[in-house]
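Shown next, in C-alpha cells, is the structure this report addresses.
What follows is calculated from the coordinates using simple rules that are stated; it is not laboratory data. All of these numbers come straight from a predicted model, not from anything done at the bench. Cβ placement follows ideal geometry from the backbone for every residue including glycine, while neighbour counts extend to all protein chains displayed.
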Amino acid sequence: MNKMDIELTINGSTAQVKAEPGKTLLYLLRDNLGLTGTKDGCSSGDCGACVVMMDNKPVNSCMVLAPQSEGRSVITVEGLATDGKLHPLQRAFGETWAFQCGFCTPGMLISCYALLQSNDNPSREEILTAISGNFCRCTGYQGVVNAVQQAAAEIRAANKDVETESTDD
C-alpha cells in the first residue's frame with residue numbers, strides 16, 4: 001500500500017512521518033512516533049484509553065485516520081509534562097491514587113486536562129461529565145475527581161501568582 005507524507009505538530013514539535021492512509025492516529029503515535037502512552041483499549045471509540053488533544057479538543061485517536069492529522073496539533077499524555085516537570089494533574093493523580101492498573105490513565109489525564117483548559121474550578125458533576133467517555137475497570141472514579149480538584153486548586157493558585165506579579169510591575 002502506498003504511504004502518505006503526514007506533517008503534524010506533536011507535543012509542540014513538528015513531526016514528518018509516512019503512513020498508510022488507513023492507519024489510525026493512535027497507531028501513528030505508537031508505531032511511527034514511539035509515543036506509547038496512548039493506549040488501544042477497544043478500537044471503537046468507546047473506552048477513552050486513546051484520548052489525545054487535537055487542536056485543543058479531546059478526540060479518540062482510534063477513530064481518527066492518520067491523514068486527518070495533517071497540519072494539526074496533537075498533545076499526548078507525554079506532552080503534558082514540561083521541562084522535566086509533571087503537569088499538576090499528573091502529580092495529583094499520583095498523590096491521590098487516582099488510578100490502579102493505569103491502563104486508562106493516559107486517556108483519563110487528557111480528558112481531565114481538556115476540562116481544566118476551559119474550567120479551572122470544575123464541580124464534581126463537571127468532572128464526571130468530562131470523563132464520561134473514559135472507562136475504568138479498577139476505580140470508583142472518586143480518586144479522579146479528587147485529583148482534578150487538587151490540580152485545579154494548584155492551577156488557580158499559580159494563575160493568581162502570575163496575575164499578582166503582572167500587576168506589581
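Rounded to the nearest 20 Debye, what is the dipole magnitude of segment 55-145 about its Cα centre when Lys and Arg each give +1 and Asp and Glu each give -1 at the C-beta?
Here segment 55-145 has a charge dipole of around 180 debye.
Amide H contacts under 5 Å for Leu65: Leu25, restricted to partners 5 or more places along the chain or on a different chain, H placed in the peptide plane at 1.01 Å from N.
Dipole magnitude for the chain: about 680 debye, using +1 per Lys or Arg Cβ and -1 per Asp or Glu Cβ, origin at the Cα centre. Normalised by the number of residues in the chain, the mean separation of alpha-carbon contacts (under 8 Å, six or more apart) gives a relative contact order of 22 percent. Let me see the P(r) profile for segment 40-169: every Cα-Cα distance counted, bins of 5 Å, each bin given as a percent of all pairs. Taking all Cα pairs of segment 40-169, the binned fractions are 2, 11, 20, 22, 20, 12, 8, 3, 2, 1, 0 percent.
Derived scalar couplings between HN and Hα for segment 69-86 equal 8, 3, x, 9, 10, 10, 10, 9, 4, 5, x, 6, 6, 10, 6, x, 10, 5 Hz in order, rounded to whole Hz, by the Karplus curve 6.51 cos²θ - 1.76 cosθ + 1.60 (θ = phi - 60°), x for Gly and Pro. Calculated [222 nm] ellipticity per residue, helices only, for the chain: -10500 deg cm²/dmol; basis is -39500 (n - 2.57) per DSSP H run with n ≥ 4, divided by all residues, nearest 500.
Of the peptides 150-158, 78-86, how do they stack up when ordered by the mean number of other Cβ atoms within 10 Å, highest first?
In descending order of packing, they fall as 150-158, 78-86.
Straight-distance candidates among the lysines for linking to Lys3, with alpha-carbon spacing under 30 Å and chain neighbours fewer than 8 residues away dropped: Lys18, Lys23, Lys39, Lys57. Using a Cα-Cα cut-off of under 16 Å, which aspartates and glutamates could be cross-linked to Lys160, ignoring same-chain neighbours fewer than 8 residues away? Within reach: Asp120, Asp168, Asp169.
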